[in-house]
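J.: This is the structure, below, for whatever I ask next.
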Amino acid sequence: MAALTMRVLVVNAGSSSLKLRLLGPRDEIVAAADVERWSTGDPEPVVVFVKEHRSIDAVGHRVVHGGTEYDRPVLVTPQIREHLARLADLAPLHQPRALAGIDVAASILPGVPAVACFDTAFHAGLPGPAATYPVPAEWRRRWAIRRYGFHGLSHEYAAGRAAQLLGRPLTELRLVTCHLGAGASLAAVSGGRSVDTTMGFTPLEGLVMATRSGSIDPGLPLWLIEHAGLSPAEVTEGLERHSGLAALAGGSGDMRDVLAAADAGDPGARLAFDVYVHRLRREIAAMTASLGGLDAVVFTGGVGEHQPRVRAAAGLAYLGLVVDDRRNAVTGQDADLSVPGSRVRALTVVSREDVVIARQTRRLLAGG
């Protein structure tokens with residue numbers, strides 16, 4: 001069978017969930033299954049899925065961190081898997097779960113080729129000024145410290161789909177793609193290439209997220225360790241799992257719960273929403289500056305696709321973007337949200353990381 005006609009099982013292990021998609025040769029979804037709370041390494045959901053859909057020619061895995069070595073998809077081997085495990089401390093919420101997905105699929109589908117597709121790859125070509133941290137040169141050389149960026153599979157798809165919706169070549173567009181979910185990041189995409197992004201060395205930098213703090217004063221964790229007596233592990237746990245919307249509003253940090261509580265008069269939830277959109281507005285402006293102009297803002301991810309109030313609160317009229325209230329009421333579909341004649345367009349794009357992963361998997365196995 002030619003690799004480009006393969007049916008690809010896409011395994012997307014998130015920070016808490018597991019998404020399985022079987023895509024046919026034209027990227028059509030043959031079958032799908034979502035597990036909202038996946039216990040790491042539990043093979044049962046994959047076993048059940050594979051038993052029901054046995055015609056699987058290849059497996060494509062979303063892997064969050066590829067380090068400096070992997071700027072394109074790679075065939076998974078024991079050596080590759082071992083190397084990816086060494087990057088786990090840079091993406092502690094995601095990398096171990098991706099590796100668990102790789103292990104489970106390999107045990108159920110022995111002999112079926114597996115390909116790792118990286119969220120960092122889309123940002124591997126960031127310009128030097130955007131990728132470089134102003135820290136000691138020895139640190140950068142010794143530990144490959146740089147801004148890596150994440151959610152690249154989602155940003156890549158959103159940019160390409162936005163060009164289709166606008167009816168313009170991707171190569172001539174300046175886009176800010178907004179992946180807003182439990183994790184959240186923006187990318188400045190010029191001519192189809194990432195030239196800036198909000199996440200950095202780890203997926204902790206940038207926007208306020210469900211349980212992650214986003215960017216904070218780097219002196220704060222140092223102060224907590226040196227003067228408040230917290231251990232590095234406690235600081236990591238606090239910033240990764242007990243910050244963000246969850247810290248301000250309480251609960252899980254789910255934007256749906258935040259909005260419901262804010263509507264009920266909860267001041268913490270109201271503050272959480274206001275902090276979230278303040279940072280979102282600020283970072284969209286920063287991405288626009290990196291682009292030197294703007295043609296469209298693209299919202300994707302669970303929050304970006306389903307929360308009109310977040311999109312409306314982004315406050316982008318000063319950039320020439322005016323959102324139409326009626327159009328903005330849509331959720332979960334690809335759409336243009338802008339008023340007619342708006343100089344800058346606002347779009348929603350349903351996230352399809354699975355499409356990018358399947359295409360990358362086929363191309364690699366075809367020798368492309």
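J.: Determine the dipole magnitude for the stretch 89-151: charges of +1 sit on the beta-carbon of Lys and Arg, -1 on that of Asp and Glu, nothing else is charged, the reference point is the Cα centre, and the result goes in debye to the nearest 20.
T.: 280 debye
J.: Peptides 247-259, 47-59, 105-117, 173-185: what's the order by average Cβ count within 10 Å, highest mean first?
T.: 173-185, 247-259, 105-117, 47-59
J.: Can you give me the distance in nm between label points at residue 51 and residue 263, each placed 7 Å from the Cα along the Cα-to-Cβ direction?
T.: 4.1 nm
J.: How large is the Kirkwood hydrodynamic radius of the stretch 14-107, counting all unique pairs of alpha carbons, in Å?
T.: 14.2 Å
J.: Continuing with this model, one more query. Per DSSP H run of at least 4 residues, take -39500 (n - 2.57); add these up for the chain, divide by its residues and hand me the 222 nm value, nearest 500 deg cm²/dmol. Walk me through the intermediate numbers first.
T.: Values: 15 runs with 144 residues, N = 368.
So the calculated ellipticity at 222 nm is -11500 deg cm²/dmol.
J.: Working only with C-alpha atoms, what are the Rg and Dmax values of the stretch 279-324, expressed in angstrom?
T.: Expressed in Å, the Cα Rg and Dmax of the stretch 279-324 come to 10.6, 29.
J.: Which value in nm describes the separation of the simple spin-label points at residue 242 and residue 69, placed 7 Å from the Cα toward the beta carbon?
T.: Roughly 3.5 nm, to one decimal.
J.: HN-Hα J couplings of the stretch 301-318 from phi, Karplus 6.51/-1.76/1.60, θ = phi - 60°, integer Hz, Gly and Pro as x?
T.: x, x, 6, x, 7, 10, 10, x, 5, 5, 4, 5, 6, 4, x, 10, 4, 5
J.: On to the next question. For the stretch 260-359, treating each Cα as an identical point scatterer without solvent, what Debye log10 I(q)/I(0) comes out at q = 0.17 1/Å?
T.: -0.84
J.: Okay, next question. Over the chain, what percent of the accessible surface lies on carbon and sulfur atoms, probe 1.4 Å?
T.: C and S fraction of accessible area: 54 percent.
J.: Still on this structure, please answer the following. Show me 126-133, 145-152 ranked by packing, highest mean number of other Cβ atoms within 10 Å first.
T.: 145-152, 126-133
J.: OK, next. Taking H placed 1.01 Å from N in the peptide plane, check which residues at least 5 places from residue 338 or on another chain put their amide H under 5 Å from its amide H.
T.: 324, 346
J.: Take every Cα-Cα pair in the stretch 227-282 and report what % of them are more than 16 Å apart.
T.: 47 percent
J.: Here is a follow-up. I want the local charge near residue 186. Using Cβ-Cβ distances under 12 Å, sum +1 for each Lys or Arg and -1 for each Asp or Glu among the other residues. Write out the running numbers ahead of the final one.
T.: Numbers: positive: 279, 281, 282; negative: 196, 205, 283.
After counting each charged neighbour, the total is 0.
J.: What are the extents of the Cα atoms of the chain along their three principal axes, listed from largest to smallest and rounded to whole Å?
T.: Computed over the Cα atoms, the extents are 56, 53, 45 Å.
J.: With the contact rule set at Cα under 8 Å and sequence spacing of 6 or more, what percent relative contact order holds for the chain?
T.: 16 percent
J.: Let me ask something else. Give the average over all directions of the projected area of the C-alpha convex hull of the stretch 57-101, one decimal, in nm².
T.: 3.2 nm²
J.: Would you tell me the accessible area of residue 29, worked out with a 1.4 angstrom probe on the heavy atoms of the protein chains, in Å² to the nearest 10?
T.: 80 Å²
J.: Divide, for the stretch 58-203, the radius of gyration over alpha carbons by 2.2 N^0.38 Å, where N is the residue count.
T.: 1.10
J.: Would you mind putting 320-333, 221-234 in packing order, based on average other-beta-carbon counts within 10 Å, highest first? Please report the intermediate quantities before stating the final value.
T.: On the way: 320-333: 14.2, 221-234: 12.1.
Order by mean packing, descending: 320-333, 221-234.
J.: What distance in nm separates the simple spin-label points at residue 171 and residue 215, each placed 7 Å from Cα in the Cβ direction?
T.: A separation of 3.3 nm, rounded to one decimal place.
J.: Here's something else I'd like to know. Give me the orientation-averaged projected area of the Cα convex hull of the stretch 96-147, in nm², one decimal.
T.: Mean projected area for the stretch 96-147: 5.2 nm², to one decimal.
J.: Could you state the accessible area per residue of the chain in Å², with a 1.4 Å probe and every protein chain left in place?
T.: Values: 16040 Å² over 368 residues.
With all protein chains present, the chain gives 44 Å² per residue.
J.: Set the Förster distance to 25 Å, then compute FRET efficiency between residue 317 and residue 132 from the Cβ-Cβ distance, nearest 0.05.
T.: Given R0 = 25 Å and the Cβ-Cβ separation, E is 0.15.
J.: Given the options 296, 191, 259, identify the residue whose Cα lies farthest towards the positive end of the charge dipole of the chain (+1 on Cβ of Lys, Arg; -1 on Cβ of Asp, Glu).
T.: Selected residue: 191.
The values are calculated or read from the model by the stated rules, or taken from the named source; none is laboratory data. Everything numeric here is computed off the predicted structure, so don't read it as measured data. Virtual Cβ from ideal backbone geometry, glycine too; neighbours counted across all protein chains shown. The accessibility values were calculated without ligands, DNA or RNA, using every heavy atom of the protein model including side chains. Shrake-Rupley method; radii C 1.70, N 1.55, O 1.52, S 1.80 Å.
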